[in-house]
1. Compare the peptides 17-25, 147-155 by average per-residue count of other Cβ atoms within 10 angstrom and give them in order, highest first.
2. Among A225, A179, A106, determine the one that fluctuates most according to a GNM of the chain built with springs between C-alpha atoms less than 10 Å apart.
3. Using the 2.2 N^0.38 Å rule of thumb for compact globular proteins, work out how segment 141-239 stacks up: its C-alpha Rg over that value, please.
4. If I build a Gaussian network model for the chain, linking alpha-carbon pairs within less than 10 angstrom, which residue out of R209, R140, R199 has the largest mean-square fluctuation?
5. If you build the convex hull over the alpha carbons only and average its shadow over all orientations, what do you get for segment 192-279? Give it in nm² to one decimal.
6. Dividing the convex hull volume of the Cα atoms of segment 9-269 by its residue count, what figure in Å³ per residue is obtained?
7. Once you list every other residue whose beta carbon is under 13 Å from the beta carbon of H58, what net charge do they have if Lys and Arg are +1 and Asp and Glu are -1?
8. Taking amide H positions as placed 1.01 Å from N in the peptide plane, with prolines and chain starts having none, which residues 5 or more places from L57, or on another chain, fall under 5 Å of its amide H?
Amino acid sequence: MASALSITVSGGIVLPGEAYLEHTPVLQTHAGTLPDLFLRWNRIPLPAPAIDIVVHLHGFSQEGSAMPLVEKVVRSGLDLSGRTQPTLGMLPRGNWLRHYYYDFPALLGGGIDRLIDYGLQQFAQAMVSPGAPNPFAMDRFILTAHSGGGMPAVDVIAGARRSPDEFHVFDGLYGRDPARGAPLRGLEVIDKWLGDRLRREPEREGAFRVIYIEQQTGPFSRKAAELIARQLASADPARAASLSRRYRVEVSGVQHSQVARYCQPRLLAASDTRFNWLE
């Protein structure tokens, strides 16, 4: 299943491709199968000074500890074909806890930054000699998550050195275990990130899109909608209308297993997209 990272360049353009990598240093503490990191990229001009990065956190798996990463790649919707910006997507394998549960402890406390640096480094080394400077810096950072990856993604933001420009959650804001108290812990992280993000508008546009199914992630998702409403209430009405298309919480029109597969390609193409659930 695993393959070396191979890049094809034609006419000064890196052609779209993908690769599975093994033994990713940042993910060494995660329990699970190999390969442990999937990379996918679109058309990238070699003179591009910077590229966008998308990191997607997957959910639980009925395969448990034997989950092959390709299972999550297929369901992720990590499709870059609609993007015009040069982009490198990353899908790390999480840490198997027990039964079908996964989390992402290695990406906390700045681990997400180390993962991004590693992915960029591997991508660059496939084009240039080892040790040469990385030809690409990171421009925009997009963090996405499906199902059980949603709450870990919130925790990732809390410790990230580089805050995401866009954050998209596909039926993943379950909240915390009520038996441990504070089931809505994490809303304060989202509120702080959201406030910081909106202060960068419109010079650097961002997005926060949450798609949820009521019986699974309704309570926390609706609280996130309240945060957006409160933040946008102080914005100029003309700007608020535009912002509300990119900062939005809505009910899914597809079943849980298909939310990321359906929504993510459309959001990666345009963060203000309106979903036609009847398609």
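Readers should treat all values here as calculations from the given coordinates under stated rules, not as data from a laboratory. What you see is a predicted model, and the numbers here were worked out from it, not measured in a lab. In this analysis, Cβ positions are derived from the backbone assuming ideal geometry, glycine residues included, and neighbour counts consider all displayed protein chains.
1. Numbers: 17-25: 16.7, 147-155: 23.4.
Ranked by mean Cβ neighbours within 10 Å, highest first: 147-155, 17-25.
2. A179
3. Numbers: Rg = 13.3 Å, N = 99, 2.2 N^0.38 = 12.6 Å.
Here the answer is 1.06, to two decimals.
4. R199
5. On the way: hull surface 24.7 nm².
The orientation-averaged projected area of the Cα hull of segment 192-279 comes to 6.2 nm².
6. Numbers: hull volume 33.9 nm³, N = 261.
It is 130 Å³ per residue.
7. Working: positive: K72, R75, R93, R261; negative: D36, E63, E71, D103, D171.
Around H58, the charge tally is -1.
8. Under 5 Å from the amide H of L57 lie the amide H atoms of T144, A145, H146, each far enough along the sequence or on another chain.
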